[in-house]
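Colleague: Before anything else, here's the structure in question.
The values are calculated or read from the model by the stated rules, or taken from the named source; none is laboratory data. Everything numeric here is computed off the predicted structure, so don't read it as measured data. We place every Cβ from the backbone using ideal geometry, glycine too, and count neighbours over all the protein chains shown. To get the accessible areas, we keep the full protein, side chains included, count just its heavy atoms, and leave off ligands, DNA and RNA. Shrake-Rupley method; radii C 1.70, N 1.55, O 1.52, S 1.80 Å.
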Amino acid sequence: MSYSVMKTNEDNEVIYQRTDADGLVRRTCLAHDPEFQSWLSANQSSLPDDIQAKVDDGILTIADAD
Amino acid sequence: MSKAAELAALIGSQTALSNRNLVINGAMQVAQRGTSATVGPNGTGEGYTVVDRFRNSLSGSVVSTFSQSTDAPSGFANSAKIEITTADTSLGGTEFWNLRYSFEGQDLQSIAKGTSDAKALTVSFWVKSNKTGTYTVELQDTDNSRRNSLAYTIDSSDTWEHKSLTYNPDTAGSGFANDNALSLRINFWFVAGADYKSGTFYNGTWAAEDNAKRVHSSQVNLGDTVGNEWYITGVQMELGEQATPFEHRSFGDELAKCQRYYFRINYNGDNNYFAAGGVYTTTAAMAMLPLPVEMRAAPTAIDQSGTAAHYGSWGNGATQVCSAVPAIRGSSSKTTCAIDLTFSSLNSATGTYNYRIVNASGYIGVSAEL
């Protein structure tokens with residue numbers, strides 16, 4: 001499974017989506033969702049390009065790993 | 001000491017007579033998300049997937065099935081079960097796997113942590129495995145970056161055993177923050193590479209975070225053989241140095257407590273309306289889902305079946321199915337979850353619509369987990 005950027009909504013919020021191994025998107029989340037942050041922390045050396053772009057732009061912050 | 005004297009001592013000591021157990025769903029009764037899931041390799045299946053409030057955290061090549069089981073000791077109906085399906089006999093140094101429970105700081109104020117009045121904590125549980133040997137249970141104070149671990153032994157294969165571990169009071173550091181954020185975790189360890197057990201084991205002494213001290217040097221590798229199983233239920237954490245009998249709560253009580261962190265609404269027949277809301281345009285709508293319990297915080301995620309056509313609308317005399325999966329909005333609150341719904345073309349760009357789950361596989365899950 002992997003996360004990607006789903007969309008930016010009418011309130012200018014970036015919504016992220018988790019795509020499972022079967023190709024289905026079963027989870028959508030906000031940037032500070034703990035499970036998304038855990039995934040970001042574990043995969044921060046090889047993030048998908050669209051996610052990395054949000055990090056580089058300062059739109060998405062990766063919390064400290066625990 | 002007589003039993004009566006023991007009880008009197010207990011009443012006068014640190015343990016409350018009710019609401020002793022700080023753990024929610026310790027009897028593994030509630031499993032809103034499902035009853036079985038694959039965990040591993042690496043981060044696959046990490047997070048909350050089966051029994052509420054208990055989540056897997058892992059990195060490595062071991063793969064397992066995590067499930068809610070009906071195999072349980074006398075007095076319990078359920079347990080959480082892990083069964084290894086892909087083994088790893090040669091662990092890398094950073095490989096790890098544990099089952100976690102997370103607490104809000106405001107629920108831990110009675111511990112008086114970080115003061116001269118700090119209380120001991122006792123964690124007790126029923127456990128069963130066909131992999132005998134030494135295991136580790138860690139307490140992780142995330143507010144003060146301090147940890148403490150103790151080991152327990154599974155003595156007999158395939159036999160339910162009751163374990164009790166008492167952690168000394170921690171008078172150092174600051175107290176737990178009195179808020180709704182994460183302050184403390186219990187971590188039940190299954191797999192630990194050398195990086196987690198090469199130092200001097202905490203062994204009951206609270207100290208600053210040091211990965212090398214977290215796990216007992218003799219910790220078994222539960223993931224070394226396909227078919228290894230590990231069950232747990234009756235998880236209780238209470239103040240004081242003595243484990244008291246597990247505090248059973250009704251299913252309704254446990255469910256409501258779990259819904260503070262996660263709420264799922266499932267398909268329940270053809271007229272399964274889950275929310276009302278408005279439309280922005282003929283393709284974009286927003287549903288406002290009322291939550292049955294005030295959540296810990298405004299939701300940060302929703303999950304659903306992954307198929308857009310499992311969701312739809314009724315309004316202006318017509319029904320339609322969605323053209324994209326429902327998505328969370330940030331304008332949610334602790335009592336209402338705002339959900340974006342997308343359609344190819346509604347019959348109006350104004351007015352109120354009712355939104356529903358139209359397929360037996362559909363569901364909406366709302367998460368405000370720690």
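Colleague: In region B:303-327, how many residues are within 14 Å of another protein chain (Cβ to nearest Cβ) and closer than 24 Å to B:Arg33 by Cβ? Reasoning before the result, please.
Modeller: Our first condition is that a residue be within 14 Å of another protein chain (Cβ to nearest Cβ); within region B:303-327, this holds for B:303-311, B:322-327.
Restricting the remaining residues to those that are closer than 24 Å to B:Arg33 by Cβ gives B:303-311, B:322, B:324-327.
So the answer is 14.
Colleague: If I filter region B:229-236 for residues that are free of Cβ contacts under 8 Å to residues at least 60 places away in the same chain, under 28 Å from the mean Cα position of the chain (by Cα), over 30 Å from B:Ala16 (Cα atoms) and buried (at least 18 other Cβ atoms within 10 Å of the Cβ), do I get at least one hit?
Modeller: Taking region B:229-236 as the starting set, the residues that turn out to be free of Cβ contacts under 8 Å to residues at least 60 places away in the same chain are none.
Looking through region B:229-236, none of the residues is free of Cβ contacts under 8 Å to residues at least 60 places away in the same chain, under 28 Å from the mean Cα position of the chain (by Cα), over 30 Å from B:Ala16 (Cα atoms) and buried (at least 18 other Cβ atoms within 10 Å of the Cβ).
Colleague: Quick one: B:Gly317 ticks every box in (1) modelled with pLDDT of 95 or more; (2) more than 23 Å from B:Leu291 (Cα to Cα); (3) out of contact with any strand residue (DSSP E or B) (no Cβ under 8 Å at 6 or more places or on another chain) bar one, so which box is it?
Modeller: (1)
Colleague: Kindly establish whether B:Glu294 is open to solvent by 60 Å² or more (accessible area, probe 1.4 Å) and acidic (Asp, Glu).
Modeller: Working: open to solvent by 60 Å² or more (accessible area, probe 1.4 Å): yes; acidic (Asp, Glu): yes.
When the stated conditions are applied, B:Glu294 passes them.
Colleague: Identify, by number, the condition in (1) part of a loop (DSSP other than H, G, I, E, B); (2) open to solvent by 20 Å² or more (accessible area, probe 1.4 Å) that B:Thr319 doesn't meet.
Modeller: Unmet condition: (1).
Colleague: Which one of these does A:Asp56 not meet: (1) modelled with pLDDT of 95 or more; (2) closer than 19 Å to B:Gly43 by Cα?
Modeller: Single failed check for A:Asp56: (2).
Colleague: Within region B:18-32, is even one residue modelled with pLDDT under 95 and either among the aromatic types (Phe, Trp, Tyr) or over 19 Å from B:Tyr101 (Cβ atoms) (or both)?
Modeller: Taking every residue of region B:18-32 in turn, at least one turns out to be modelled with pLDDT under 95 and either among the aromatic types (Phe, Trp, Tyr) or over 19 Å from B:Tyr101 (Cβ atoms) (or both).
Colleague: Name, by its number, the condition in (1) open to solvent by 20 Å² or more (accessible area, probe 1.4 Å); (2) within 23 Å of A:Glu35 (Cβ to Cβ); (3) in contact with a helix residue (DSSP H, G or I) (Cβ under 6 Å, 6 or more places away or on another chain); (4) not basic (Lys, Arg) that does not hold for B:Leu182.
Modeller: Here B:Leu182 meets the rest and fails (3).
Colleague: State which residue is surrounded by the most Cβ atoms within 10 Å (Cβ to Cβ) when the search covers only region A:54-66 and only residues that are touching a residue at least 24 places away in the same chain (Cβ under 8 Å) and among the aliphatic types (A, V, I, L, M).
Modeller: Taking the candidates together, the pick is A:Leu60.
Colleague: So, A:Leu60, is that one at the interface with chain B (Cβ under 9 Å from one of its Cβ atoms) and either under 17 Å from B:Gly330 (Cβ atoms) or not small (Gly, Ala, Ser) (or both) or not?
Modeller: Working: at the interface with chain B (Cβ under 9 Å from one of its Cβ atoms): no; either under 17 Å from B:Gly330 (Cβ atoms) or not small (Gly, Ala, Ser) (or both): yes.
For A:Leu60, the condition - at the interface with chain B (Cβ under 9 Å from one of its Cβ atoms) and either under 17 Å from B:Gly330 (Cβ atoms) or not small (Gly, Ala, Ser) (or both) - is not met.
Colleague: Please state which one of B:Ser305, B:Ser331 is open to solvent by less than 50 Å² (accessible area, probe 1.4 Å), of a type in the set (S, T, N, Q) and within 23 Å of A:Val5 (Cα to Cα). Can you show your working first?
Modeller: Numbers: B:Ser331 fails: open to solvent by less than 50 Å² (accessible area, probe 1.4 Å).
Only one candidate passes the filter, namely B:Ser305.
Colleague: Which numbered condition trips up B:Gly47, out of (1) surrounded by fewer than 21 Cβ atoms within 10 Å (Cβ to Cβ); (2) among the small types (Gly, Ala, Ser); (3) touching an Asp or Glu at 6+ places or on another chain (Cβ under 6 Å)?
Modeller: Among (1) surrounded by fewer than 21 Cβ atoms within 10 Å (Cβ to Cβ); (2) among the small types (Gly, Ala, Ser); (3) touching an Asp or Glu at 6+ places or on another chain (Cβ under 6 Å), the lone unmet condition for B:Gly47 is (1).
Rundown of residues vs (1) of a type outside the set (Phe, Trp, Tyr); (2) within 22 Å of the chain's Cα centre (by Cα); (3) under 24 Å from B:Phe76 (Cα atoms); (4) open to solvent by less than 20 Å² (accessible area, probe 1.4 Å), yes/no style:
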residue	(1), (2), (3), (4)
B:Ser164	yes, yes, yes, no
B:Asn187	yes, yes, yes, yes
B:Ser198	yes, no, no, no
B:Asp210	yes, no, no, no
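Colleague: Same structure, new question: For region B:75-89, which positions are in contact with a helix residue (DSSP H, G or I) (Cβ under 6 Å, 6 or more places away or on another chain) and not aliphatic (A, V, I, L, M)?
Modeller: If the condition is that a residue be in contact with a helix residue (DSSP H, G or I) (Cβ under 6 Å, 6 or more places away or on another chain) and not aliphatic (A, V, I, L, M), then B:Asp88, B:Thr89 are the ones that fit.
Colleague: Can you pull out the residues in region B:87-137 that are surrounded by fewer than 18 Cβ atoms within 10 Å (Cβ to Cβ) and assigned to a strand (DSSP E or B)?
Modeller: Result: B:Gly133, B:Thr134.
Colleague: Ok, one more. Does region B:138-159 hold any residues that are more than 19 Å from B:Thr205 (Cα to Cα) and open to solvent by less than 50 Å² (accessible area, probe 1.4 Å), and which are they?
Modeller: B:Ile154
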